[in-house]
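Bear in mind these aren't lab numbers, they're just calculated from the coordinates by the rules spelled out. No experiment lies behind these values; they were computed from the predicted model shown. Every residue, glycine among them, receives a Cβ derived from its backbone with ideal geometry; neighbour counts consider all protein chains shown.
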Amino acid sequence: MKIGIDLGTTNSAVAYINEHGTAEIVSNGEGERTTPSVILMDGDKAIVGDIAKEASVTQVDDTIQFVKRQMGNDSFQIPLPGSDKMIDAVEASAIILKKLVQDAEQELSEKVTEVVITVPAYFDDGKRNATIEAAEMIGLNVLKIINEPTSAALAYYDMEEDPSDQNVAIYDLGGGTFDASIVNIHNNEITVLSTDGDSNLGGFDFDNEICEHVINEFEDSTGIDLYDDDDAMQELRENAEKCKKALSRLSKYKVPVTSSGESMRVEITKDLFNDLIKGIVDRTKLVMEDAIKEANLTWEDIDKVLLVGGSTRVPLISETIKDFTGIEPSKELNPDEVVALGAAVQASLIDGDTSLSSSANIIVKDVNSHSLGIITQDKSGIDGNSIILHRNTEIPCSFSQEFYTNHDNQERIQLQITEGEDLDPDYVTIIGKSILNLPPGLPESSPLDITISYDKNGIVHVVARDVTNNTELRDMIIERKSNMTQIEMEEKKEELLAIEVE
Ligand code: AMP
């Protein structure tokens, strides 16, 4: 059984292709269609989902949440509650995946071994690798990593009666990430023309704005700093989210807050909320403007703006989009479920699977969200970033360049691979060093053909050819900071097996 998984910052969802050939959400063990991506440790047992989310208010120290924001951050380590072990974002994600897969297996009465997992389009190589590692850690085979907005486009195509010949803009604002993609649908081809985003921008930031406002009001009136009270802060975070959701329908909401014996209700009106989040919403507008420019289109060329992600329920989002695009955004997709549904469709497209009724021949063409470069030195020895694969190039894609050995019998060649748009190495991410051992006896200036590529998952690979001997040198391994050895992977797998997940 193959499933599609939307592994979200705040909520996750799972879908599969049912016996009628249509994508369908798989309910979790509690009968819910989405599962909060929150872990509660109860002794050796990890409880994931609604109960964990509720417990996050009263048992702050026993819960782990928002780990997706830390994917690819190698210095992020959190204590596994109730033990002296530390875990990273990859292991925490593996625990969440284990719950999702276990529940799906129970619901579908079949073993799940193959998955398509969605990631924000703006996720870089490190975050994509971390996502694959999390799945492999619990023994899953990742068929493909697909970008969330692309997945939404795929589900949209699958649901539409006559989806042909249109340009759609996808505005995907979730709990922690924002993506904008411009997509052309022509016959059976879904082509992503451009994508842009911010992997640290989402509903979480709206909650933070409310929290900060309440903290200031409370301090002004009582002199108490809520930052000193962990329990009150966690409660406030929870109430801020409630307030935000309420303001999607109501004109005002009072946020209760209690600390050190003082209580208060801080009123937030819809206008105030809009003021608080305006700066964040404007950032999404800039990203959208950038995406349309990169696609070489104008808003007049766009037939539909599709809203994806729970945070698009905030009314200011639709109002802002309408203002700058002139288009009333479409609410026809279920913002919480569409990404998982698209992932299930994608899973069924792999290996010519015929379980899908409507769209067996869909071709999906995606792009890379970050330019790829290498660090080079100019004649005066100053490092610069040379971009060799520009962002928004169709993936998979590759680029070859000849390099030359510097001296006789050179033993190795080292490349620093970058992701980012700047020519200054300080403003791009060095994703890793790629070191290649050379065959003995090469004279100075021997040519080496180096090919750097993005694969279908948006992950970077480097291969090399010794032109002198006309031999392929084995794949250059990118020494990513997070690279796990096989032994480390096995150890982590074992550790995770020991954690009972519910
Ligand atoms: P997602 O990652 O797509 O599940 O989006 C989750 C985010 O959507 C969280 O930050 C939620 O607080 C937010 N969200 C869900 N429902 C609403 C709503 N009715 N109004 C505003 N934000 C919402």
Taking r as the C-beta separation of Lys242 and Glu19 and R0 as 56 Å, the FRET efficiency to the nearest 0.05 is 0.90
Got a sec? Charge dipole of the chain, +1 on Cβ for Lys and Arg, -1 for Asp and Glu; which of Thr258, Val112, Asn274 is way out at the positive end? Val112
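Counting Lys +1, Arg +1, Asp -1, Glu -1, what net charge surrounds Asn208 among other residues with beta carbon under 11 Å of its beta carbon?
Around Asn208, the surrounding residues sum to -3.
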Convex hull over the Cα atoms of region 1-122, averaged projected area in nm²? 8.1 nm²
Local charge sum around Ser445 (other residues, Cβ-Cβ under 12 Å, Lys/Arg +1, Asp/Glu -1)? -3
Which of the peptides 153-163, 69-79 is most tightly packed, and how do the rest follow, judged by the mean count of other Cβ atoms within 10 Å per residue? 153-163, 69-79
Identify all lysines with a Cα-Cα distance to Lys270 below 19 Å; exclude those on the same chain that are fewer than 8 residues away in sequence. Lys242, Lys244, Lys245, Lys252, Lys254, Lys278, Lys322
Given charges at beta-carbon only (K, R positive; D, E negative), |dipole| of the chain in Debye: 480 debye
Let's see if you can work this out: charge +1 on each Lys and Arg Cβ, -1 on each Asp and Glu Cβ, no other charges. What is the dipole magnitude of region 1-113 about its Cα centre, in debye to the nearest 20? 260 debye
In whole percent, what relative contact order does region 203-275 give with Cα contacts below 8 Å and a gap of six or more residues? 28 percent
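Which percent, to the nearest 5, of DSSP beta bridges fully inside the chain are antiparallel?
Numbers: 82 of 104 bridges.
Expressed as a percentage, antiparallel bridges in the chain total about 80.
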Mean separation of Cα contacts under 8 Å (6+ apart) over length of the chain, as relative contact order %: 17 percent
Please state, rounded to one decimal and in Å, the Kirkwood hydrodynamic radius that region 203-275 gives when every pair of distinct Cα atoms enters the mean of 1/r. 12.1 Å
What the Cα atoms of the chain span along the principal axes, largest first and in whole Å, is 78, 56, 54
Count charges around Ile302 for me, please; just the other residues with Cβ under 14 Å from its Cβ, Lys/Arg as +1, Asp/Glu as -1. -4
Taking N as the number of residues in region 376-502, what value does Rg over Cα atoms divided by 2.2 N^0.38 Å take? 1.29
Please state, as a whole number in µm²/s, the translational diffusion coefficient that the Stokes-Einstein equation yields for region 270-322 at 37 °C and 0.692 mPa s, with Rh defined as the Kirkwood radius across alpha carbon pairs. 269 µm²/s
Amide H contacts of Lys365 (H built 1.01 Å from N, under 5 Å, at least 5 apart or other chain): Ile190, Thr191, Val192
Return the sequence-ordered ³J(HN,Hα) values of region 319-326 in whole Hz as given by the Karplus equation 6.51 cos²θ - 1.76 cosθ + 1.60 applied to θ = phi - 60°, using x for Gly and Pro. 4, 5, 4, 4, 4, 8, 9, x
Taking H placed 1.01 Å from N in the peptide plane, check which residues at least 5 places from Gln410 or on another chain put their amide H under 5 Å from its amide H. Leu442
Report the FRET efficiency, 1/(1 + (r/R0)^6), for His407 and Met489, where r is their Cβ-Cβ distance and R0 is 45 Å, rounded to 0.05. 0.75
Vicinal HN-Hα couplings computed from phi for region 147-162 (Karplus, 6.51 cos²θ - 1.76 cosθ + 1.60; Hz; Gly/Pro x): 5, 4, x, 5, 4, 4, 4, 5, 5, 4, 4, 5, 8, 5, 6, 10
Name the residue farthest towards the positive end of the dipole of the chain from the options Phe218, His390, Leu415, assuming +1 on Cβ of Lys and Arg, -1 on Cβ of Asp and Glu, about the Cα centre. His390
Placing +1 on each Lys and Arg Cβ and -1 on each Asp and Glu Cβ in region 372-476, then taking the dipole about the Cα centre, the residue among Tyr427, Val460, Gln401 whose Cα reaches farthest towards the positive end is Val460
Phi-based couplings in Hz for region 283-298 (Karplus 6.51, -1.76, 1.60; Gly and Pro marked x): 5, 5, 5, 4, 5, 4, 4, 5, 5, 5, 5, 4, 7, 6, 10, 10
